[in-house]
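Student: Here it is, the structure in full.
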Amino acid sequence: MLYLVTPLNFFLDSRCYHKRVTLYLCNFAMWNHCLKCFALRNINSLNADIQVQLRQCLLAPVTMVNKPISLVIERYISTSQHLHRKIRLMTVDRDNVNLQLKKQVRYSEDYIQHKIDEHNLGVRRLAAMMGEDPDSFTNEDVKKAIQYLFPSSLTAKPARPQMEHPSVVFPAKIKLQANKEGRPHHYLFYTRQPALYGLMHEAYDCILDLHSYADKMRKMGQRPPKPLDLGLTHWLSKEDIEKEVLSSKISDDLYNQFITQIERLVEEPYSEKYKDFIMKFRRKLVQRELSTGTLEKEVGKDGREFVRCQGFRKTARADVKLIANGSGKITINGKPMQEFFNIIADRETVVTPFIFLGILLRFDVEATVDGGFQGNWMMLHGKQYFHDGTRKSAMAGAIRYGISSAIRLFISPEQIEIMRRGGLIDIIFKLVC
Amino acid sequence: MHLQKRSKLLSDCFRCMSLMEKGMSLRFKSRYICLTNRSMSDFTKHRYENVADLGHASYIENIRCDESDPTNHSMDDVSLMYTIPVEHYKRMSPAKWNNKAFSHRFQRMCSAFGESCLMIRKPGLELVNYLKHTNPEKAVNRYIIHGKTGCGKSMTLQYALHYCMSNNWLILPAYHFWDNVKFNYHTKLKRKGELTVSQFNKDRLDQPVYSLKWLETFGWLNQKLLGEIKTTTKYIWSKHESSEEGTSLSALVDLGKARPRHSTDVIGCIMKEIRLQDHTTMPSVLVAVDCINAAFGKTLMKYDGKPVTTDQLSFMCNFKKILSNDWKNGAVVGALDTLGLRQSETTDLVEGEHPYDLLGREGFDLLDPHILIHVQPYTDQEVLAQLAYYKDCKWLIDRSLTAAGEAEIIQLCGNNPADITNYCAGLY
């Protein structure tokens, strides 16, 4: 997007050619500032009429908009020397400066509502044309219909015929952020995230309030209460904050700053007073449905419950049987785990679900495993010098998956969510042999 | 003064803004943003503290046994650790060279702890009880220690050896017998001097390098006893050298060290003397062999392009005569081993690795009749005693002593002693 042009050469070039250059610049303040300075410096090389216009544009206050400011420089230079050189178009998108006002005036709400009704009607007509039910005509069906009716081989997709909802075509209204004179409303406008920093200042005000409250209680002789219990919730992620609280994106550092500030609030005594403010930024751990089919508990001869499950990793397949009220014995293909797996890393993979939840030496496991590098197929068809009982990590992963999917029936749904975030349940099935 | 304060405030303010924009570390940012007069300690409250309960191992009180002499140990002392005295430990495993009595890992741990401790276990007490009741007037008994890898076969052998040393027995050591059966040097140029044709019998082969080391360990183990034992016949080594009747074994050992050409023959003479003499002139003899199944398998050596069998080696021939029960006044203890076997031989083993599969036909015929001593993995009590000992030595701290950490160690390693030592060596 950035065309790096040497501005001095551009204006002092006296060769004859037609040229049209557009400088699409980023929205950093530095670039805009540089643009202004550069234009002001080289303004003397331009026509007198355009000089006046430029000065009026550039010296006006520019608001910090999150859009590219485009400098369209056009100059036509004729081939012959004696013809008058015209620098015809040296315009700054003045529209961009007061674009908010323009937009607000341009598209009224009635206008947009009218367009929405038209769109809905048009969709129903399309459905009737294609011979389908207009009530159940989705957005994807609309796209397919238009591709069928108006086929185009243009490479630029925005140039193809489209039929979209007006809320996409007419973007949402941007609130006025500044006066006519250019003075912004928000007191933190010149920090680039006024909403975020505003919340942080709000949190600090709450902290100061709690300090004075705590001093009062201390004088009266009361002890501070227990710290705030936030329960099984977690902080909003960066993406959630960008969507809901703010309208723009933020960096990781800022996000961490924001959360440390509110954690600071949480640490204060008597912070239950501002619990509503804090819980705006906390979400409960969501429970989702079991996605790998139905599992049932069965009762064995001893009276102990057990669950059967299958697990897989790469080309290894395992049948796992998890028994409750056990003492931590794990048998694989008839052998104990310590004999089957020579490497300790494989044993650890099998045991990670238990360690993750803090449940060790409570369940028994019986498993049968085959496949992978040390499976029966490779032993028959593969080379013989690598079969020393060490390359069994696929088998270990298969058993781990079986255990973690079978143990869900003995566990609360919040712990299941914790396991999912640990990466024990939703695995990516890779066929790598 | 006012100007200085004001300028400081202003500079601080500007520094704040510049830091935020430049992207300084989070710690400094949080300090400026909170704008408090609080100290740094408030930010370090999230230090990790072990709130979890301690495990069973940290509540055990009886860890060590006060007696350092295995003759006085009894079944009440099972699962306790006793220290080997420094003098005895130096004789068993000297620091000058690594005779592979103990494993390398055990030696390093002993140097770290500053002491060498062994656990008193049931098979060790069983062996020592048998050795206490040996009848010097009757033929020699053979004891074979077998079990899974890492369960403690070599350690029970060393326990019996310590008993015999403290009771002034003569000891014939053969540690890591696999070294006898393969070359010491991996380069071909140096291997040439390892096998030579023996002068006593031209069909056999000598091993001067191995027998030198053997004589050093033998002499270092039995320092003072060798001076009292005398030979009964005359031995002629060459035209000019001979040793007459009544020479002490220590002189023979010195001769063997000085003349590597005759060192294997010296060993043969020592073994012959042991077989001939009675309990009147000689103390009881213990033949301690680690990895005894090396004597009944294949060698990894070649001479003149042909593979060498164990019958061709003179050391082995003499040694197998002592493993038999033709003589009196002593005991033979042997421990089996599977880790030294080559992979081509392990695949031929039956599942379970029964001791008779490791010995083979030849070994069984030679060592029959014998007494089997089975070394089993740790019991639950012994596991906790091991972990309590590590806590006492400060080998394990903090997190691995909690209930969760203990459960993890036990679940991963099972009751295998070697796995526990190897795993705990990497923990804190």
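The values are calculated or read from the model by the stated rules, or taken from the named source; none is laboratory data. Note that the structure is predicted; figures quoted are calculated from it, not measured. Note: ideal-geometry Cβ built from the backbone for every residue, glycine included; neighbour counts use all protein chains shown. Quick note on the areas: whole protein, heavy atoms, side chains included, nothing else; ligands and nucleic acids left out. Shrake-Rupley method; radii C 1.70, N 1.55, O 1.52, S 1.80 Å.
Student: State in Å² the accessible area per residue of segment B:328-428; use a 1.4 Å probe, count heavy atoms of protein chains only, and round to the nearest integer. Mind dumping the intermediate values first?
Tutor: Working: 4890 Å² over 101 residues.
Counting only protein heavy atoms, the per-residue value for segment B:328-428 is 48 Å².
Student: Let me ask you something else. Under the rule a/c < 1.5 gives rounded, and otherwise a/b versus b/c splits prolate from oblate, where does segment B:140-229 land using the Cα gyration tensor? List each step's numbers first, then the result.
Tutor: Working: a/c = 2.24, a/b = 1.43, b/c = 1.57.
Cα axes put segment B:140-229 in the oblate bin.
Student: Averaged over B:406-417, how many beta carbons belonging to a partner chain fall within 10 Å of each residue's beta carbon? Walk me through the numbers before you get to the answer.
Tutor: On the way: counts 2, 9, 6, 1, 3, 13, 10, 3, 8, 2, 3, 0.
Mean partner shielding for this stretch: 5.
Student: A further question on this structure: Can you tell me the dipole magnitude for segment A:186-286 around its Cα centre, using point charges on the Cβ only (Lys, Arg +1; Asp, Glu -1), in Debye to the nearest 20?
Tutor: Values: 16 positive and 16 negative charges, 65 e Å.
I would put it at about 320 debye.
Student: Which GluC sites (Glu not before Pro) in segment B:150-228 sit in a loop by DSSP (not H, G, I, E or B) and have at most 14 other Cβ atoms within 10 Å of their own Cβ? Walk me through the intermediate numbers first.
Tutor: Values: sites: B:Glu194, B:Glu216, B:Glu228; in loops: B:Glu194, B:Glu228.
Here the sparse-neighbourhood loop sites are B:Glu228.
Student: Is there a quick way to get the dipole size of segment A:215-348? I mean about its Cα centre, with the Cβ of Lys and Arg at +1 and of Asp and Glu at -1; what is the value in debye to the nearest 20?
Tutor: Values: 27 positive and 22 negative charges, 67 e Å.
Rounded to the nearest 20 debye, it is 320 debye.
Student: Which links in A:Lys314/A:Lys383; B:Lys188/B:Lys321; A:Lys238/A:Lys273; A:Lys314/A:Lys392; B:Lys96/B:Lys302 stretch past 23 Å when you go from one Cα to the other? Don't jump to the answer; show the numbers that get you there.
Tutor: Values: A:Lys314/A:Lys383 19 Å; B:Lys188/B:Lys321 32 Å; A:Lys238/A:Lys273 26 Å; A:Lys314/A:Lys392 11 Å; B:Lys96/B:Lys302 30 Å.
From the list (A:Lys314/A:Lys383; B:Lys188/B:Lys321; A:Lys238/A:Lys273; A:Lys314/A:Lys392; B:Lys96/B:Lys302), the Cα-Cα distance tops 23 Å for B:Lys188/B:Lys321; A:Lys238/A:Lys273; B:Lys96/B:Lys302.
Student: While we're on this one: So which of A:Lys180/A:Lys243; A:Lys329/B:Lys182; A:Lys335/B:Lys213; B:Lys122/B:Lys394; B:Lys90/B:Lys298; B:Lys138/B:Lys234 end up more than 31 Å apart, counting from Cα to Cα?
Tutor: On the way: A:Lys180/A:Lys243 29 Å; A:Lys329/B:Lys182 40 Å; A:Lys335/B:Lys213 41 Å; B:Lys122/B:Lys394 27 Å; B:Lys90/B:Lys298 33 Å; B:Lys138/B:Lys234 27 Å.
Violating the 31 Å limit, Cα to Cα: A:Lys329/B:Lys182; A:Lys335/B:Lys213; B:Lys90/B:Lys298.
Student: Could I ask something else about it? Would you please give the FRET efficiency between B:Lys239 and B:Phe200, computed as 1/(1 + (r/R0)^6) with r the Cβ-Cβ distance and R0 = 25 Å, to the nearest 0.05?
Tutor: Details: r = 15 Å, r/R0 = 0.60.
In this case the efficiency is close to 0.95.
Student: First select every other residue whose beta carbon is under 12 angstrom from the beta carbon of A:Asn376; then total the charges, Lys and Arg +1, Asp and Glu -1.
Tutor: Spelling it out: positives minus negatives among the neighbours equals 0.
Student: Then there's this: Can you give the accessible area buried between chains A and B, summed over both chains, with a 1.4 Å probe, in Å² to the nearest 100? All intermediate terms of the calculation are to be shown ahead of the outcome.
Tutor: On the way: alone 29710 and 24190 Å², together 51730 Å².
The buried area between A and B, both sides summed, comes to about 2200 Å².
Student: Next up: Given 0.36 nm per residue, what is the gain on full extension from A:Ala195 to A:Leu232 after removing their alpha carbon distance, in nm? Walk me through the intermediate numbers first.
Tutor: Details: separation 37, 0.36 × 37 = 13.32 nm, distance 2.72 nm.
Here the segment from A:Ala195 to A:Leu232 would lengthen by 10.6 nm.
Student: Sorted by average packing, counted as other Cβ atoms within 10 angstrom per residue and highest first, what order do B:381-393, A:249-261 take?
Tutor: Working: B:381-393: 20.4, A:249-261: 16.4.
Ranked by mean Cβ neighbours within 10 Å, highest first: B:381-393, A:249-261.
Student: Same structure, new question: In debye to the nearest 20, how big a dipole does segment B:229-324 give about its Cα centre with +1 on each Lys and Arg Cβ and -1 on each Asp and Glu Cβ? Could you put the intermediate results ahead of the total?
Tutor: Working: 13 positive and 10 negative charges, 63 e Å.
The dipole magnitude comes to about 300 debye.
Student: Taking the Cβ-Cβ separation of A:Glu140 and A:Leu295 as r and a Förster radius of 30 Å, what is the calculated FRET efficiency to the nearest 0.05?
Tutor: 0.30
Student: Highest first, please rank the peptides A:398-405, B:130-137 by the mean number of other Cβ atoms sitting within 10 Å of their residues.
Tutor: Going from most to least packed, we get A:398-405, B:130-137.
Student: To continue, here is another question. Sorted by mean Cβ packing within 10 Å, highest first, what order do the peptides A:333-339, B:60-66 take?
Tutor: On the way: A:333-339: 15.1, B:60-66: 13.3.
The densest-packed peptide leads the list: A:333-339, B:60-66.
Student: log10 I(q)/I(0), Debye, Cα-only segment B:218-307, no solvent, q = 0.15, 0.25 Å⁻¹?
Tutor: Result of the Debye calculation: -0.71, -1.31.
Student: I need the fraction of alpha carbon pairs in segment A:190-275 separated by more than 20 Å, rounded to a whole percent. Could the numbers behind the result be given before it?
Tutor: Values: 1571 of 3655 pairs.
Looking at segment A:190-275, the distances longer than 20 Å represent 43 percent of pairs.
Student: Let me ask you something else. Using a cut-off of under 17 Å, list every residue of segment B:134-169 whose amide N is near the label point 7 Å from the Cα of B:Cys110 along the Cα-to-beta-carbon line.
Tutor: Taking a point 7 Å out along Cα→Cβ of B:Cys110, the residues of segment B:134-169 whose backbone N falls under 17 Å are B:152-167.
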